[in-house]
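A short worksheet on the structure shown next.
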Amino acid sequence: MTKHPAPPDADERRAVAPVICYPNDTLPKPDLAQYRAARDTADKIGEVLVPPRDARCFEVPAGHFFRITSVEGPQVGDLNLWNLNDLSERFYSGKTRALHGTHLTTGERMWSSFPRLRPMATIIEDTLEWYGIDQYGGSVHDVIGTRCDPYTGNLLSGTQYHHCCHSNLTRALADHLGISLAEAEPHVHDVLNVFMCTGFTRDTGQYFMKASPVRPGDYLEFFAEFGLLGNLSACPGGDCSAEHSSDEAACYPLLVEVFAPKEGALDGWKSPAPSGYDRSHGR
Ligand SMILES: [Zn+2]
């Protein structure tokens, strides 16, 4: 194999300053003040307790709120979202990352897949927003991980483990919609890693996780920009301090609560329109 030595101007090339791929100052801004005011007077209309190493679906009507809370012990959650009326519109982790960066917090949004590419859910409160970016480059609520899954475990260690988030989400979706596992599985997609603390190592660029700073009582709260079907898995990794594809880690439930705004509290707000691109693709 040919070895490729560094060219004479290697240092100069490395020294070129980066530019942000997608400057996001032209993104439509959510009216957080209105959302928060509507949330202050909203009424709780339902809750779902997600058992450890399992997942549950929940529905959130347009203009409603949902909160994910850590209860009993530090626990990470893997979140999928779909348009309640059309499963083909679902959370697009990669584009959300390109627009907002590797981790999400208050004021940032979960964006939907092509061809609609519009905000699905806006984060209105994050009790872990104080964490920032730590000395290892780690932060919480990432959109860089995928979801733990039995295929990667099988590839790397030959295991058959059935309670990875991918399988949990598949079972919960099948049960919620009354469809088979085979029909449900292709709808499961890359997640928002709620409460998970992750980053990339600076020396090798590898994806890392570390014990989540989440504690019981911490929560992440969202505004549903249109009707949503949510699916949340309480990851078998627990706080993801060591393992994520076995029954080794201490694992706790996660609580999902849904809140309805008072009549008139969202006057002037409407669901975001699908992308304005004409979809002619040059033909
Ligand atoms: Zn997981």
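Every number here is computed from the coordinates shown, using simple stated rules; none is lab data. In this text, all values refer to a predicted model and were calculated from it rather than measured experimentally. Here the Cβ is made from the backbone with ideal geometry for all residues, glycine too, and neighbour counts use every protein chain on show.
Determine, from the Cβ-Cβ distance of A273 and E185 and an R0 of 35 Å, the FRET efficiency 1/(1 + (r/R0)^6), rounded to the nearest 0.05. It comes out at approximately 0.70. Close amide H contacts of E89 (hydrogens built in the peptide plane, cut-off under 5 Å, sequence separation of 5 or more or a different chain): N83. Separation between the D25 and M1 pseudo-spin-labels, each 7 Å from Cα along Cα→Cβ, expressed in nm? Result for the modelled spin labels: 4.4 nm.
Label-to-label distance for Y136 and K210 is 0.5 nm, based on points extended 7 Å past Cα in the beta-carbon direction. Taking a ≥ b ≥ c as the square roots of the eigenvalues of the alpha-carbon gyration tensor, segment 130-223 is classed oblate because a/c is 1.5 or more while a/b is no larger than b/c. Among M209, M196, a tally of other beta-carbon atoms within 10 Å of each Cβ gives an order, fewest to most, of M209, M196. Excluding residues fewer than 8 places away in the same chain, name every one of the aspartates and glutamates whose C-alpha is closer than 15 Å to that of K44. In chain and number order, the partners are E59, E221, E257, E263.
Residues I123, I133 in ascending order of nearby Cβ atoms (within 10 Å, fewest first): I133, I123.
An oblate overall shape is assigned to segment 68-214, the ratio a/c of its alpha-carbon gyration tensor axes (a ≥ b ≥ c) being 1.5 or greater and a/b not exceeding b/c.
In this structure, D203 and S241 have a Cβ-Cβ separation that, at R0 = 25 Å, corresponds to a calculated FRET efficiency of about 0.75.
With N the number of residues in segment 26-86, Rg(Cα) / (2.2 N^0.38 Å) evaluates to 1.37. According to the calculation over all Cα-Cα pairs in segment 1-149, the P(r) per 10 Å bin from zero is 8, 30, 34, 15, 7, 4, 1 %. Computed over the chain, the range of Cα coordinates on each principal axis works out to 68, 46, 44 Å, biggest value leading. Spin-label model, I45/D9: points 7 Å from Cα along the beta carbon direction are separated by 6.2 nm.
List the lysines whose Cα sits under 24 Å from the Cα of K95, skipping any in the same chain fewer than 8 residues away. Hits, sequence-local ones excluded: K29, K270.
Listed by chain and number, the aspartates and glutamates whose alpha-carbon sits under 12 Å from that of K262, ignoring those within fewer than 8 places in the same chain, are D40, D43.
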